[in-house]
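Everything on this sheet refers to the single structure shown next.
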Amino acid sequence: MATPSRRRREPKDELVPLSDVLDEIGITRATWYRWRDRGYAPEARRTPSGRICVRRSVLDAFKEELDAA
């Protein structure tokens with residue numbers, strides 16, 4: 001009897017804390033909030049503990065847009 005094949009799980013899209021996001025992009029917190037208010041910043045989420053985080057895939061896509069501009 002053949003054993004059922006197991007599907008590999010895709011790695012979870014990690015959540016990057018806002019402080020690390022700001023370091024990667026090279027902007028200040030004030031700039032982040034200004035961009036967010038204008039709809040320019042990448043989508044962020046607040047975790048149950050209250051931290052603001054951005055998904056790695058969203059951050060990478062945003063950084064590619066910055067490089068292209």
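The values are calculated or read from the model by the stated rules, or taken from the named source; none is laboratory data. Predicted, not measured: the structure shown is a model, and the values here were computed from it. Methodologically, a virtual Cβ is constructed for each residue, glycine included, from the backbone with ideal geometry; neighbour enumeration extends over all protein chains shown. These accessible areas exclude ligands, DNA and RNA; they are computed on the full protein's heavy atoms, side chains included. Shrake-Rupley method; radii C 1.70, N 1.55, O 1.52, S 1.80 Å.
A few points about this structure:
- Within the range 18-46, the set of residues being open to solvent by 30 Å² or more (accessible area, probe 1.4 Å) and over 20 Å from residue 68 (Cα atoms) comprises 19, 20, 28, 29, 30, 33, 34, 37, 44, 45, 46.
- Selection from the range 18-60 of residues that are among the hydrophobic types (A, V, I, L, M, F, W, C), assigned to a strand (DSSP E or B) and either without any contact (Cβ under 8 Å) to a residue 24 or more places away in the chain or touching a helix residue (DSSP H, G or I) at 6+ places or on another chain (Cβ under 6 Å) (or both): 52, 54
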